[in-house]
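Just so you know, all these numbers are worked out from the coordinates, no wet-lab data involved. All of these numbers come straight from a predicted model, not from anything done at the bench. Note that we place each Cβ from the backbone using ideal geometry, even for glycine, and neighbour counts take in every protein chain shown.
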Amino acid sequence: MKKFQIICKYPEDSALSQGEQHEYDIYVDDEGDDTIYYLHYSNSESWTDEYRGMNIMSIIDHGNGFTLNKKIEKDLEYIQGLQIMILFNFVNKYDNFFTGEVRLSTFLYNI
């Protein structure tokens, strides 16, 4: 299983101005027929003890679509929407990405 760190970079004029923070980890299991992507909270001190390292959601890519392990509600909190975007953006670009680190600019991010 491969591990990728998600680094968020907050703009200096943002209310969340914290510079760069290691916010999430994505684990990728691509050893079988399917590729499974797991989004976890990082062990960063930006999360409370109960959340550090916890699995948030996973996506299975069957090669002909996706299966999410988490039911997505009709109404989402902003953090839930961001986490879904992070994971799907990573899945979308995974084949061209090999460095093991992702840098995010709040809601705009490149992989």
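Pairs spanning more than 26 Å between alpha-carbon atoms, out of Lys9/Lys71; Lys3/Lys74; Lys3/Lys71; Lys2/Lys74: Lys9/Lys71; Lys3/Lys74; Lys2/Lys74.
Among the GluC sites (Glu not before Pro) in segment 18-73, those placed in a DSSP loop whose Cβ has at most 14 other Cβ atoms within 10 Å are Glu31, Glu45, Glu50, Glu73. Look at the Cα gyration tensor of segment 2-92: its axes a ≥ b ≥ c give a/c of at least 1.5 with a/b over b/c, and that counts as prolate.
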